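The values are calculated or read from the model by the stated rules, or taken from the named source; none is laboratory data. Every value quoted in this text rests on a predicted model; they were computed, and no experiment measured them. Cβ: placed from backbone, ideal geometry, glycine included. Neighbour counts: every protein chain shown.
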Amino acid sequence: MREVISTPDAPSSPFFSQGVKAGGHIYVSGLVGVDVRTGKPAGPTIQEQTRQALANCQVVLAAAGATLDDVVEVGILLSDPDDFPGMNEEYRSWFPTDPPSRYAAKLGAVIPGVLISIRMTAYVGEGSVPQWAE
């Protein structure tokens with residue numbers, strides 16, 4: 001069964017779901033470092049936009065009943081590969097120990113002012129068991 005996850009606290013678009021939950025897996029779409037309150041990038045630096053993109057992913061995970069501790073894979077797309085060290089500087093504080101698997105690549109789409117897009121996959125188990133079935 002597939003459940004679309006949606007929250008007003010993360011960037012959205014009619015072209016993608018913020019997240020989709022299927023069984024015990026949660027797939028968070030690539031979210032950029034845009035502050036939903038302003039509709040603008042969280043700042044001009046890769047650290048600021050990385051922080052915001054991770055926060056955006058975190059609220060989608062929460063809407064699906066998960067946390068960053070449930071994340072098994074992270075995909076990072078950078079508009080400028082030279083931002084990799086700065087991105088890592090912020091990323092490290094979000095996953096200080098036992099980080100999930102990760103890949104990074106160059107962002108193909110040119111979106112003015114956007115430096116990063118982050119997607120995640122989390123696993124929360126096979127789903128909850130009704131209390132009566134325990």
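Some points to look at:
- Any pair with Cβ under 9 angstrom, 6 or more apart, that starts in segment 1-12 at a residue that is farther than 18 Å from G33 by Cβ and in contact (Cβ under 8 Å) with a residue 12 or more places away in the chain and ends at one that is part of a loop (DSSP other than H, G, I, E, B) and aliphatic (A, V, I, L, M): E3/A64; I5/A64
- Qualifying residues in segment 66-79 (those that are in contact with a Lys or Arg (Cβ under 8 Å, 6 or more places away or on another chain) and surrounded by fewer than 17 Cβ atoms within 10 Å (Cβ to Cβ)) - the one farthest from P11 (Cα to Cα): E73
- When residues of segment 36-59 are limited to those that are of a type in the set (K, R) and farther than 22 Å from E73 by Cβ, the one surrounded by the fewest Cβ atoms within 10 Å (Cβ to Cβ): R37
Conditions tested, residue by residue: (1) more than 18 Å from A55 (Cα to Cα); (2) out of contact with any Ser or Thr (no Cβ under 7 Å at 6 or more places or on another chain); (3) aliphatic (A, V, I, L, M); (4) at pLDDT below 95.
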site: R92; (1), (2), (3), (4): no, yes, no, no
site: P100; (1), (2), (3), (4): no, yes, no, no
site: Y103; (1), (2), (3), (4): yes, yes, no, no
site: P112; (1), (2), (3), (4): yes, yes, no, yes
site: S117; (1), (2), (3), (4): no, yes, no, no
site: A122; (1), (2), (3), (4): no, yes, yes, no
site: E134; (1), (2), (3), (4): yes, yes, no, yes
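- Here K21 clears all of (1) over 17 Å from E73 (Cβ atoms); (2) touching a residue at least 40 places away in the same chain (Cβ under 8 Å); (3) charged (D, E, K, R) except the condition numbered (1).
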